[in-house]
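Worksheet for the structure shown next.
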Amino acid sequence: MSNHILIKADKLSRYYGENCAVNDISFELKRGDVLGFLGPNGAGKTTTMRMLSGNLAPSKGQIIINGVDIIENPKEAKAELGYLPEQPPLYKELTVNEYLHYCAQLNRIKRNNIKKALDNAKDRCGLAEMENRLIGNLSKGYQQRVGIAQAIIHSPSIIILDEPTVGLDPIQIREIRNLIKELGQEHGVILSTHILPEVQATCNRVQIINKGKLVFNDEVANLAKQVKSSSLIIGLHQPPTISELEALPGITSVERLQDDRLRFYYGNNPSPAEMLAEKAVKDSWGLYELTPDLVSLEKIFVDLTCKEPPVQ
Amino acid sequence: MIVFNIAMRELRSMFLSPLAWSILGVVQFILGYMFLTQIDSFMMVQPRLAGMEGAPGITDIIVAPLLGNAAIVLLLIVPLITMRLVSDERRSQTLSLLLSAPVSMTEIVIGKYLGICAFLTIILAMIALMPLSLLVGGDLDFGKLLSCLLGLGLLLGGFGAIGLFMSTLTAQPTVAAVSTFGVLLLLWIVDWAASGGEGSTYTVISYISLLRHYEPLLKGVFNSTDIIYYILFVITFLVFSIRRLDSERLQH
């Protein structure tokens, strides 16, 4: 059942008064997917997440969770959902254990299974030593972890995380990313973020949303195909003139970078790296660096979300 | 089941903040003072009462006025207890925990209402201790005492329901408190306008008054219409609260 569709969002729109926050978005989430939701501030990420989690009604459109309409059968649909809002919904006056116990009760976990669910959630989020501390006294990072623990406590088939790594230190970020990847194996995960490497590190699919519209929706692996021109960065101690280099076969243009390195654009031709290396050795250019300039999500993100033409 | 879990959490959180404790303390102190002054005045009139045929007993002279005053004090206090119910969760954004859990709005509202009722029951029990202490030196009319306590309980139930509804309307606890207080006071004094007037409008207005249905119970008159009035009152505001919370989730 790897192709089982967990979320089907159909033509979602949401207006706040005259202001249209989300405009006609449709997408699907399958089991085993980790879907990255990317967009600049105010793009409509959080609004979409709130609609998916049943916190907010879409002005138009339909959300089917595991075959159940979330507006008509909210209880059934929400049983399959774990949601971590942008600000974790924590009762600061409770201890971690008390809070998670309450969450387990809210999610209708049977009394006998509560302890197991609690231990599992605390274990996965690294909260075991903090279990008797007051949530209000925990650091932001630990509070965030309690928020994640709350979302996964009833092992829902869909986990929606709104900016889960905000406020965490680099080690915690790595742990949380691993956790998300792990969760993605059995569950469907939707993750919103404005941190681009995070999407590349954790997600297998990415959606970019801008001004309420979906501008990109594909697998992360297909990203490279999106960008037309590819390039190599080369560092040479004794570089020949630019025009000499541009005359080489398979090179469309050469640009001198600020630190005296050179950027070779080769368009749709196969990568000239091998040829360049041989040539550099033969003509003693003093080659000290040869790096393929990988297409970054950032570039696509900027291209898609900004009106200005991409820097060439 | 889930309703009781929500109620318990609500009650627990109340006692984890100093608010609940200070409210219990202040209410008990003020009513204790009133209770003592009532006893004082009873001692003064006691010799004259002894000679009278069918004279009012201590339940009439001490308990009924005490619970009448308690109603006024709690009218000021209940908005402070109910203000946090939903608005605080809205403000600190914990409401989404309830909204994204497989729990219906009805369960959320009833759970929170039961939580507040549990607290109000504690207040009521503390107040009931004062008349009961009179048993040390005298006899009580238990029928009347129960009727008075039932009246106060129902009245508090009504206060709580309005407070809960007002709390669902806003994200500011203070706004919820002020508007609850306003509505309660208005419903308390609404029959002032009616006094002296005649005609169906006056009858309807005075019928709405919370006080109008409390007074007979204080006198020991148990009338089922008064009971039904309070029950309907509570149900109405609970339904309003459910509708209000559901309106954010449903398509318009």
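For the reader, a short list of remarks on this structure follows.
- Our summary of shape: the Cα atoms of region A:95-180 have principal axis extents of 37, 29, 18 Å, ordered from largest down, in whole angstrom.
- Here the contact order of chain A, divided by its residue count and restricted to Cα pairs under 8 Å and six or more residues apart, works out to 19 percent.
- Loop-resident sites, region B:1-99, for GluC sites (Glu not before Pro), counting at most 16 other Cβ within 10 Å (DSSP): B:GLU53
- Size descriptors for region B:66-156, from the alpha-carbon set: Rg then Dmax equal 17.4, 56 Å.
- Compared with the rule-of-thumb size 2.2 N^0.38 Å for a compact globular protein, region A:1-155 has a Cα radius of gyration ratio of 1.13.
- Its Cα centre serving as origin, the protein assembly as shown has a Cβ charge dipole (Lys and Arg +1, Asp and Glu -1) of approximately 520 debye.
- With a Förster radius of 56 Å applied to the beta-carbon distance between B:GLN93 and A:GLN258, the computed FRET efficiency rounds to 0.80.
- Applying the criteria of a DSSP loop state and at most 15 other Cβ atoms within 10 Å to the trypsin sites (Lys or Arg not before Pro) of region A:83-179 yields A:LYS92, A:ARG108, A:LYS110, A:ARG133.
- When the Cα positions of A:GLY212, A:TYR99, A:GLY17 are compared along the charge dipole of chain A, A:TYR99 comes out farthest toward the positive end, with charges on each C-beta of Lys, Arg, Asp and Glu.
- Quarter of Cα convex hull surface for region A:158-271, i.e. mean projection, nm²: 10.7 nm²
- Taking only Cα atoms of region A:228-294, radius of gyration then Dmax in Å: 10.7, 32
- Structural size metrics of chain A, computed from C-alpha coordinates, are Rg and Dmax of 24.0, 77 Å.
- Shape of region A:130-197, Cα gyration tensor, a/c cut at 1.5: oblate
- Sites listed here are GluC sites (Glu not before Pro) in region A:49-80 whose DSSP assignment is loop and whose Cβ has at most 14 other Cβ atoms within 10 Å: A:GLU72.
- Hydrodynamic radius by Kirkwood, which averages 1/r over all alpha carbon pairs of region B:1-93, in angstrom: 16.3 Å
- For chain A, the dipole from Cβ point charges (+1 on Lys and Arg, -1 on Asp and Glu) about the Cα centre works out to 1080 debye, to the nearest 20.
- Full-extension gain in nm, A:GLN238 to A:ALA277, via 0.36 nm per residue minus C-alpha separation: 12.7 nm
- For region A:1-125: relative contact order, % (alpha-carbon pairs under 8 angstrom, 6 or more apart): 20 percent
- Once the Cα atoms are used to define both axes, helix B:173-194 deviates from the longest principal axis of chain B by about 50 degrees.
- Length available on full extension from A:ILE5 to A:GLU93: 0.36 nm per residue minus the Cα-Cα distance, which gives 27.8 nm.
- For chain B, the 222 nm mean residue ellipticity estimated from helices alone, with every DSSP H stretch of n ≥ 4 adding -39500 (n - 2.57) and the total spread over all residues, rounds to -27500 deg cm²/dmol.
- Approximate spin-label separation A:VAL166-B:ILE208, in nm, with each point projected 7 Å along Cα-to-Cβ: 4.4 nm
- Cα gyration tensor shape of region B:108-252, rounded if a/c is under 1.5, else prolate or oblate by comparing a/b with b/c: oblate
- Helix-only CD estimate at 222 nm, as mean residue ellipticity for chain A, using -39500 (n - 2.57) per DSSP H run (n ≥ 4): -9000 deg cm²/dmol
- Euclidean distance of C-alpha centroids, region A:136-179 and region A:1-69, integer Å: 21 Å
- Calculated log₁₀ intensity ratio I(q)/I(0) where the Debye formula runs over C-alpha points of the protein assembly as shown, q = 0.07, 0.12 Å⁻¹: -0.58, -1.13
- Structural descriptor for chain B: relative contact order 26 percent, calculated from alpha carbon pairs under 8 angstrom and at least 6 residues apart.
- For region A:228-294, the residue among A:PRO249, A:GLY286, A:ASN269 whose Cα projects farthest onto the positive side of the dipole built from Cβ charges is A:ASN269.
Since every read-out is calculated from the coordinates, none of them should be taken as a lab result. As the structure is a prediction and not an experimental result, all values here were calculated from the model. Don't worry about glycine lacking a Cβ; one is built from the backbone with ideal geometry, like all the others, and counts go over all protein chains shown.
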